Amino acid sequence: MTRSEENYIKTIFHLGNKGTEAVATNAIAELMETKPSSVTDMVKKLSEKDLVNYKRYQGVSLTELGTKTALGIIRKHRLWEVFLVDKLDFSWDEVHEVAEQLEHIKSDKLIDKLDALLNYPKFDPHGDPIPDKNGAFKHGDRKLLSELPVESKGICVGVKDSSTAFLKFLDKNKIALGDEITILEKEEFDSSFYIKIGNRREHISNQIASNLYIKIS
């Protein structure tokens, strides 16, 4: 597979609820910043390789082979992110773009050895689960902070938005994975939150709360 084909497979996986739902070609085009006609051409190629199911006007979904392929790409991406943070001292807001390049390495032996070197991590630096070599991964029991009622308490275990801007914002405001967070109040006017992180009180917007995953303690 070409790098472009792998990127399409991964995009369809993420847009289609882990590959289980059909995705509109326009949605793929928007996320990949390309023309719908280019998406249609690529989808036809992927269909010929038995990686996607495609019928005009009915969207695109991954086949069993396509899902397996997507999970393999995601596994490589997230393992490289762990390696960059744990072994090379990259910050968590720096690793995504580098991992985007490394995820296309074809050597299964290399990735298996990388997994072993890192002691088989279950989650990447952003809290996302890492599939094993068979495509299985641990589903974290977590909810978005914005979905929780007042007085809920839990541990921050992941982020929905892994963009550089958001991760730098969290670093600037000293919010990190592993922090214990308690919801103190929710403003009726703008749905913002007052929360307790450790021993300090913070005010965060609903947008921020909608991008923090919490595991209830």
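The values are calculated or read from the model by the stated rules, or taken from the named source; none is laboratory data. Because the structure is a prediction, the values reported are computed rather than measured. Side chains are part of the model used for accessible areas, which takes the heavy atoms of the whole protein and leaves out ligands, DNA and RNA. Shrake-Rupley method; radii C 1.70, N 1.55, O 1.52, S 1.80 Å.
So here's what we get for this one:
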read-out: Accessible area of the chain divided out per residue, in Å², using a probe of 1.4 angstrom; value: 58
read-out: Expected 222 nm ellipticity per residue - DSSP helices of 4 or more, -39500 (n - 2.57), all of the chain, to 500; value: -12500 deg cm²/dmol
read-out: Amide H within-cut-off set for Phe137, under 5 Å, with H built and near neighbours excluded; value: Asp132
read-out: DSSP bridge orientation in the stretch 73-217 - percent antiparallel, rounded to nearest 5; value: 100
read-out: Links that overshoot a 31 Å alpha carbon limit, given the list Lys87/Lys215; Lys55/Lys215; Lys109/Lys153; Lys122/Lys153; Lys133/Lys153; Lys76/Lys215; value: Lys55/Lys215; Lys109/Lys153; Lys133/Lys153
read-out: Between the stretch 1-33 and the stretch 54-90, the alpha-carbon center distance in angstrom; value: 10
read-out: Using alpha-carbon coordinates, inclination of helix 108-117 to the longest axis of the chain, degrees; value: 20
read-out: Accessible carbon and sulfur surface of the chain relative to its total accessible area, %, 1.4 Å; value: 48
read-out: C-alpha center-to-center spacing [the stretch 93-150, the stretch 157-212] in angstrom; value: 22
read-out: For the stretch 162-179, Karplus couplings with θ = phi - 60° (6.51, -1.76, 1.60), whole Hz, Gly/Pro x; value: 9, 5, 4, 4, 5, 5, 5, 4, 4, 4, 4, 9, 6, 10, 9, 4, x, 5
read-out: Length-normalised contact order of the chain in % [C-alpha pairs under 8 Å, at least 6 apart]; value: 15
read-out: Vicinal HN-Hα couplings computed from phi for the stretch 123-132 (Karplus, 6.51 cos²θ - 1.76 cosθ + 1.60; Hz; Gly/Pro x); value: 9, 7, x, 9, x, 7, x, 9, x, 7
read-out: Amide H partners (placed H, <5 Å) of Gly158, local residues excluded; value: Tyr213
